[in-house]
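The values are calculated or read from the model by the stated rules, or taken from the named source; none is laboratory data. Just so it is clear, the model here is predicted, and its values are computed rather than measured. Cβ coordinates were reconstructed from backbone atoms using ideal geometry, including for glycine residues, and neighbour counts include every protein chain displayed.
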Amino acid sequence: MTVSAHAERWMGFPVKDYLECLEKRQALDFEGTVYRVASERYGSEISYEQIFRQWAEHPDAALAPGVVVGSWLDEDWDGDSARAVALLVEYAPRLPRLRGLFFGDITSEENEISWIQNSDISPLLNAFPLLETFRVRGSSGLSLGALRHSTLRSLTVESGGLERTIIEQITASRLPMLEELEIWLGSDGYGADHTLADLLPLLDPARFPRLRRLGLCNCEYQDEVAKAVAESAIAPQLEGLKLSMGTLGDVGGMALVGPKSRLGHSLRALDLHHNYLSERVIEQITAVFPFANVDENEGEEDPDDRYISVSE
């Protein structure tokens with residue numbers, strides 16, 4: 001995942017910009033494509049609301065398996081995401097097959113992640129009772145509310161500086177079918193106020209008994225997180241682990257393969273890209289987990305000189 005480019009595939013479907021398809025007079029395929037609905041370039045006479053309503057009122061919109069919501073800002077809209085949330089809720093009855101929602105596919109060129117003004121998005125979960133995949137970008141003003149959902153399998157929260165309250169809302173959630181959880185923790189320079197203690201409840205297998213894929217990414221204390229996850233009770237059941245885009249160094253890297261690590265034979269994917277591992281430790285990790293993604297590691301550096309990938 002990256003914030004420098006829009007999603008090109010999601011949920012196994014190609015992602016296409018809806019407005020661009022209209023402008024090029026391309027045939028629309030609501031059943032085999034996930035459309036990105038976003039405001040047009042600056043100076044457009046058509047608003048985000050008009051674009052969204054046109055997409056949602058298309059006769060084939062009922063076939064849509066998912067939708068990607070891009071930037072909702074335009075000349076008529078200079079605020080948070082509340083109206084974008086309200087539009088989705090309004091049109092939910094027209095989208096009976098919707099299984100996936102990516103709310104906030106906004107690149108850094110359009111709006112830095114810490115500048116995205118979100119809102120209470122809990123009405124979206126209530127409006128789509130069959131939702132299986134939910135991904136949101138931007139945590140400024142964000143609230144997940146009282147998370148209760150019976151079919152949600154994948155939850156991703158992308159942030160440049162996540163507040164503790166969001167982690168608490170996830171911890172207190174009731175998501176009995178959750179199999180994948182990914183959180184971008186972010187920098188304290190952009191609002192992050194959490195500590196390792198706030199994350200530890202997520203490592204209790206009783207909380208999410210079906211969880212198989214866990215991502216605690218983009219973190220300023222990634223070494224501590226790596227050790228906690230590796231030695232946690234949930235480690236043996238994990239099939240995928242992401243500790244990418246953070247400040248992971250050799251101490252945390254060795255914790256993944258050390259004698260106290262409980263990461264077992266079930267692990268099939270390990271994403272450690274964009275960290276600070278040395279070649280020596282990378283060799284030891286890949287000897288145990290040959291499938292590990294260790295791209296873009298900067299080599300062991302003083303912890304004070306390490307930076308997360310996504311903050312501003």
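A few comments on the model shown:
- Every listed requirement among (1) part of a helix (DSSP H, G or I); (2) touching a strand residue (DSSP E or B) at 6+ places or on another chain (Cβ under 9 Å); (3) surrounded by fewer than 16 Cβ atoms within 10 Å (Cβ to Cβ) is met by ALA146 save one, (1).
- Checked against the criterion of being at pLDDT below 95 and on the phi > 0 side of the Ramachandran plot, the candidates ARG41, ARG25, ARG83 yield just one match: ARG25.
- Looking only at segment 229-281, residues that are under 25 Å from PRO209 (Cα atoms) and touching a Cys at 6+ places or on another chain (Cβ under 7 Å) come to 3 in all.
- Residue match in segment 134-150 (condition: out of contact with any helix residue (DSSP H, G or I) (no Cβ under 8 Å at 6 or more places or on another chain), modelled with pLDDT of 95 or more and under 17 Å from VAL85 (Cα atoms)): yes
- One residue alone among LEU243, LEU238, LEU277, LEU272 is crowded, with 21+ Cβ neighbours inside 10 Å and either more than 25 Å from THR2 (Cβ to Cβ) or more than 21 Å from the chain's Cα centre (by Cα) (or both), and that residue is LEU277.
- Some residue of segment 122-130 being among the aliphatic types (A, V, I, L, M), part of a helix (DSSP H, G or I), touching a Lys or Arg at 6+ places or on another chain (Cβ under 8 Å) and closer than 21 Å to GLN169 by Cα: yes
- Segment 176-195: number of residues that are assigned to a loop (DSSP other than H, G, I, E, B) and either over 17 Å from GLN222 (Cα atoms) or among the small types (Gly, Ala, Ser) (or both): 7
- Any hit, segment 163-175, residues being under 17 Å from ASN118 (Cβ atoms) and in a strand (DSSP E or B): no
- Long-range neighbours under 9 Å by Cβ, at least six apart or interchain, first residue touching a residue at least 24 places away in the same chain (Cβ under 8 Å) within segment 107-118, second among the charged types (D, E, K, R) and surrounded by fewer than 17 Cβ atoms within 10 Å (Cβ to Cβ): SER108/GLU312; GLU112/GLU312; ILE113/GLU312; SER114/GLU312; TRP115/GLU312
- Residue pairs whose Cβ atoms lie under 6 Å apart, sitting 6 or more positions apart in sequence or on different chains, and linking a residue in segment 153-177 that is among the hydrophobic types (A, V, I, L, M, F, W, C) to a partner that is assigned to a helix (DSSP H, G or I) and buried (at least 16 other Cβ atoms within 10 Å of the Cβ), are ILE167/ASP198.
- Whichever residue in segment 188-220 is closer than 24 Å to PHE102 by Cα and at pLDDT below 95 and, among such residues, is surrounded by the most Cβ atoms within 10 Å (Cβ to Cβ): ALA192
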